[in-house]
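The values are calculated or read from the model by the stated rules, or taken from the named source; none is laboratory data. Remember, predicted model here, so these are calculated numbers, not experimental data. Positions of Cβ are generated from backbone atoms using ideal geometry, with glycine treated the same way; all protein chains shown enter the neighbour counts. Side chains are part of the model used for accessible areas, which takes the heavy atoms of the whole protein and leaves out ligands, DNA and RNA. Shrake-Rupley method; radii C 1.70, N 1.55, O 1.52, S 1.80 Å.
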Amino acid sequence: ELKGNIRVFCRVRPPANDEDPRADKMGGGKNMDQPLLKIDAVGEMAGRRMEVAPPGGAKAFDFNFDRVFGQDCGQGEVFEEISHLVQSALDGYKVCIFTYGQTGSGKTYTMLGGDACGESGEPEDQGEDLNLDDNRGLIPRSIEQIFKARDAAAKAAEENRGVTPPSLAISATMIEIYNEDIKDLLVSQKHSAETKYDVKHHADGRTTVTGLKTVEVANAGEVAKLMKKAQAVRSTAKTNMNEHSSRSHMVFTLHLDGVDSTGQPVHGALNLVDLAGSERLSRTGAEGARLKEAQCINKSLSALGDVVLALANRDAHVPFRNSKLTYLLQNSLGGDSKTLMFVNVSPAADSSQETLCSLRFAAKVNSCSQGQQTAGGAKK
Ligand code: ADP
Ligand code: MG
């Protein structure tokens, strides 16, 4: 395989109500009369190449990714592009999907979905069922796919006597990494604060965390309930939930342990990671505790970048131990695991410097995974 196991997708969110809706038409370039963000619609690079022209800037910058999703791409279309990774996890691979980007760029929306399952306020009561809203994000859709596949396999085995029914245990963990500390989102704040969490890598490729609550789940509705609980724990941590969540990484993991048709044990894992906001320190003007948070975030995001680059370059040494996040995900990032990074960007003119920073980070990862340094260069 030419490209290794790292893919990078970019997703541009639609403008919010108070933002100029014309980012794809104007606002950028020296005279602010060029598109701020332009995604190739035709040609060889359609849906894969984009151009950013910061307002007042003399230069435009172009970037290539495995996919670029424009503001009109819905959650279903995005999920279609990742559903093969969910299947890989079912087949026993370790899969990691990240959302990277500044706060407000659409990371949580991509992972969880719109307001019903997002972070703004109480999730709606959905009873036993997952939210069937079109807005639902990668996490609820992945869960659905996994349970559907499991049920289909069981049914097929039942109809086909002589075939041993597959065994698959599905369990979930959900944590937050805040200032390099692990917090368990499936137990009370108090319990989590009193527990010491240690990451353990096992010889069979599994990773566990001592003291962490692992919940075996029987159907998608049970996972939905867990997510709701986790959201509630997360929200009590700080009065301003959105602010808090933007400073921590959230790692949702489905552990898929079973036996395949040949009797071999399989240990797949699907890690869905909503990263802390990537915005730079200068813009947030941090002091004291905020400064420490920002430094932890910068350090762990750059550690993640370093690990992904080292893996893409097939370096002998991969610096997994440089952050809690990369150490936790070590077995899901190296070897024959599969990694996808979403870089989420905002279409707002006043975010264009942050957008460029995010795209440069992602382009570095992407160009390395292609074994060449092409992306992110300045144009005339
Ligand atoms: P982040 O998690 O990166 O801070 P959010 O996911 O909370 O950002 O997104 C910020 C706002 O934009 C939210 O109100 C969210 O619902 C909305 N949003 C983000 N992406 C999309 C999208 N693709 N379509 C519609 N609304 C979106
Ligand atoms: Mg968020």
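The table below lists the values:
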{"read-out": "Residue 92 vs. criteria crowded, with 18+ Cβ neighbours inside 10 Å and under 20 Å from the mean Cα position of the chain (by Cα)", "value": "yes"}
{"read-out": "Residue that is farthest from ligand 2 (Cβ to nearest atom) [pool: residues in the range 258-278 that are of a type in the set (Ser, Thr, Tyr) and under 16 Å from residue 157 (Cβ atoms)]", "value": "262"}
{"read-out": "One residue from 143, 177 being under 24 Å from residue 91 (Cβ atoms) and out of contact with any Pro (no Cβ under 8 Å at 6 or more places or on another chain)", "value": "143"}
{"read-out": "Residue list for the range 259-279, filter: over 23 Å from residue 333 (Cβ atoms) and outside any loop (DSSP other than H, G, I, E, B)", "value": "259"}
{"read-out": "Search result, residues across the range 205-243 that are at pLDDT 85 or above and under 22 Å from residue 333 (Cα atoms)", "value": "206, 207, 208, 209, 210, 212, 214"}
{"read-out": "Residue that is modelled with the highest pLDDT, among those in the range 261-276 that are out of contact with any Asp or Glu (no Cβ under 8 Å at 6 or more places or on another chain) and surrounded by fewer than 22 Cβ atoms within 10 Å (Cβ to Cβ)", "value": "264"}
{"read-out": "Inter-residue pairs, beta-carbon under 9 Å, first over 13 Å from residue 31 (Cβ atoms) and touching a residue at least 24 places away in the same chain (Cβ under 8 Å) and in the range 53-70, second open to solvent by less than 20 Å² (accessible area, probe 1.4 Å) and aromatic (Phe, Trp, Tyr), 6+ apart", "value": "65/9; 66/9; 67/9; 68/9; 69/9; 69/342"}
{"read-out": "Filtered residues of the range 28-46 (kept if of a type outside the set (A, V, I, L, M, F, W, C), open to solvent by less than 20 Å² (accessible area, probe 1.4 Å) and in contact with a strand residue (DSSP E or B) (Cβ under 6 Å, 6 or more places away or on another chain))", "value": "28"}
{"read-out": "Set 92, 101: member being touching a His at 6+ places or on another chain (Cβ under 7 Å) and at pLDDT 90 or above", "value": "92"}
{"read-out": "Total residues in the range 153-200, condition open to solvent by 60 Å² or more (accessible area, probe 1.4 Å), in contact with a helix residue (DSSP H, G or I) (Cβ under 8 Å, 6 or more places away or on another chain) and not in a helix (DSSP H, G or I)", "value": "6"}
{"read-out": "Helices (runs of 4 or more DSSP H) enclosed by the range 291-380 - at least 3 residues per element that are at pLDDT below 85, over 19 Å from residue 38 (Cα atoms) and away from ligand 1 (no atom under 16 Å from the Cβ)", "value": "352-369"}
{"read-out": "First in the range 33-48 and free of Cβ contacts under 8 Å to residues at least 24 places away in the same chain, second anywhere and crowded, with 17+ Cβ neighbours inside 10 Å and in a loop (DSSP other than H, G, I, E, B), Cβ under 6 Å, 6 or more apart", "value": "33/26; 35/24"}
{"read-out": "Within the range 1-51, tally of residues that are part of a strand (DSSP E or B) and under 30 Å from residue 309 (Cβ atoms)", "value": "14"}
{"read-out": "Residue match in the range 244-252 (condition: more than 12 Å from ligand 2 (Cβ to nearest atom), modelled with pLDDT of 85 or more and either assigned to a helix (DSSP H, G or I) or β-branched (Val, Ile, Thr) (or both))", "value": "yes"}
{"read-out": "Whichever residue in the range 184-210 is within 22 Å of residue 270 (Cβ to Cβ) and without any contact (Cβ under 8 Å) to a residue 40 or more places away in the chain and, among such residues, is nearest to the chain's Cα centre (by Cα)", "value": "184"}
